[in-house]
Amino acid sequence: MLPSQPTHRPLERFWPYADLPEQPSAEELAAIHPELRRALFGLNAMPFSLTLVFPEFAGDAFGRALTLARGSDEFQEVQVNRGVRYRARFFPGEGPLRVRELYELIADVPGTEVLIDDRPLPYARELWLPLVWCLIK
């Protein structure tokens, strides 16, 4: 029977264990895609969020859209097959005006998505966005 803790360490080249942390760092957890995070850790108790996802596009509006997206509550650049998609998540508070400004710039861009709590819901553009804009004073 082997002891639970080794009493000596053999030569370094034969030691089979890497010195890796057992838990991911906060930066690694923040970079996980929301769908993967939900699959790994289950539903979390986050507040209501509205996420705008858009690809890179040509034109002067892209620079302004990227600036507004980086000013969101959570911003991620997600690498996909042929390019980068930008995810801007907004939480309740002062977000409705910023959501509307960003959405007006990216509404006509093909591939733009509106996610409610990181999920594509029916009528997100037609129903949820106008409801959020009603909060603008």
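Descriptive notes on the structure:
- Flag if residue 2 is aliphatic (A, V, I, L, M) and either modelled with pLDDT of 70 or more or under 22 Å from residue 88 (Cβ atoms) (or both): no
- Filtering segment 58-72 to residues that are over 14 Å from residue 85 (Cβ atoms), touching a Lys or Arg at 6+ places or on another chain (Cβ under 9 Å) and in a helix (DSSP H, G or I) leaves only 68.
- Members of segment 41-95 found to be surrounded by 20 or more Cβ atoms within 10 Å (Cβ to Cβ) and aromatic (Phe, Trp, Tyr), listed by number: 54, 86, 90
- Taken over segment 37-81, the residue count meeting the criterion of being of a type in the set (Val, Ile, Thr), closer than 19 Å to residue 110 by Cα and either within 12 Å of the chain's Cα centre (by Cα) or at pLDDT 90 or above (or both) is 3.
- A single entry from 99, 109, 84 fulfils the requirement of being part of a helix (DSSP H, G or I) and touching a strand residue (DSSP E or B) at 6+ places or on another chain (Cβ under 6 Å): 99.
- Residues satisfying the stated conditions in segment 90-121, i.e. among the acidic types (Asp, Glu), more than 12 Å from residue 50 (Cα to Cα) and touching a residue at least 24 places away in the same chain (Cβ under 8 Å): 101
- Scanning segment 53-73 for residues that are among the acidic types (Asp, Glu) and either touching a Pro at 6+ places or on another chain (Cβ under 6 Å) or under 16 Å from residue 113 (Cα atoms) (or both) yields a single hit, 56.
The values are calculated or read from the model by the stated rules, or taken from the named source; none is laboratory data. Being a predicted model, the structure only gives us computed values, none of them experimental. All Cβ positions, glycine included, derive from the backbone under ideal geometry; neighbour counts span all protein chains shown.
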